[in-house]
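Accompanying notes for the structure given below.
The values are calculated or read from the model by the stated rules, or taken from the named source; none is laboratory data. Predicted, not measured: the structure shown is a model, and the values here were computed from it. So basically every Cβ, Gly included, is an ideal-geometry build from the backbone, and we count neighbours across all protein chains shown. SASA here: full protein model, heavy atoms, side chains in, ligands and nucleic acids out. Shrake-Rupley method; radii C 1.70, N 1.55, O 1.52, S 1.80 Å.
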Amino acid sequence: MPRLIVQSQEFAGKVFELSGPTLSIGRLPDNALHIDHNSVSGHHAEILLDDKDYKVKDLDSTNGTRVNGERIAEQKLRRNDIVRFGNIELLYDSEFAAPAQALPEPSARVSLSSSASQGRPASFTNSSPFPKGQTSGSKKWLFALIGLALVAVGCVGYYVFALFLSTPA
C-alpha cells in the first residue's frame, strides 16, 4: 500500500497510509492527512489516485509543494520521491511505483580520456618574461668572470676616490 513517511524532525516516523481516490493534506483538522505545522497551509495539497499510484497536486498553497526539491503544481509520484509541504518533508513509498529514473549516460560528444594530464603540451612555451634558471657550464664561468670584473672595477674606483678626494685641503 502506498504511504508517506515523515522525514522532518517535528513529526519524524509518522506514517500516512494512502488509500482512496483523493486525499487532502493540510494544517486544518478536516484534512485526510493532517499536518499541524505553521508552514503548511490550511488546505495545502491533494493526493490523487492515478492508475495504481498517486500524484500530488498543490492547491495554491502559501509555501508551495516540492517534489525532490522542485516546486510543482502537479506531479506523479515515484518510489523514494521526497515530497515537501511547506517545511515538512515526507518520503513516498509504494510497491507499485518504479524507482526514480537513473541518470542519463554521459554524452558521446564529450571525451573524458583527453582530459587526463600528460604533462605539458609540446606547443607550450614559457609564459614567464624571464628565461629558465638552468644555465650550462660555460655560461656559469662567464657569469663568474663578469662578477670578478665588477669587483675589480669597484676596487679601482674606491682606490681613485680615496686617493684624490680624501686628500687634506
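Quick notes
- Selection count, the stretch 80-122, where residues are open to solvent by less than 70 Å² (accessible area, probe 1.4 Å) and modelled with pLDDT of 70 or more: 12
- Boolean, His44 is in contact (Cβ under 8 Å) with a residue 24 or more places away in the chain and in contact with a helix residue (DSSP H, G or I) (Cβ under 7 Å, 6 or more places away or on another chain): no
- The conditions of being of a type in the set (Asp, Glu) and open to solvent by 60 Å² or more (accessible area, probe 1.4 Å) are met by Glu10.
- Restricting the stretch 60-79 to residues that are outside any strand (DSSP E or B) and under 12 Å from Ser41 (Cα atoms) leaves a set whose member that is most open to solvent (accessible area, probe 1.4 Å) is Asp60.
- Within the stretch 47-57, at least one residue is on the phi > 0 side of the Ramachandran plot and open to solvent by 60 Å² or more (accessible area, probe 1.4 Å).
- Failed item, numbered, when Thr167 is tested on (1) surrounded by 10 or more Cβ atoms within 10 Å (Cβ to Cβ); (2) modelled with pLDDT under 85; (3) not in a helix (DSSP H, G or I): (1)
- Of the residues making up the stretch 13-33, just one is without any contact (Cβ under 8 Å) to a residue 12 or more places away in the chain and open to solvent by less than 70 Å² (accessible area, probe 1.4 Å), namely Gly13.
- Cβ separations smaller than 8 Å between residues 6+ apart or across chains give the following pairs from the stretch 75-93 residues that are of a type in the set (Lys, Arg) to residues that are buried (at least 21 other Cβ atoms within 10 Å of the Cβ): Lys76/Tyr54; Arg78/Tyr92; Arg79/Tyr92; Arg84/Thr65; Arg84/Leu90.
- Output for the stretch 30-55, where each listed residue is within 18 Å of Pro2 (Cα to Cα) and small (Gly, Ala, Ser): Ala32, Ala45
- The listed residue being modelled with pLDDT under 90 and not aromatic (Phe, Trp, Tyr), out of Ala32, Ala12, Ala45: Ala12
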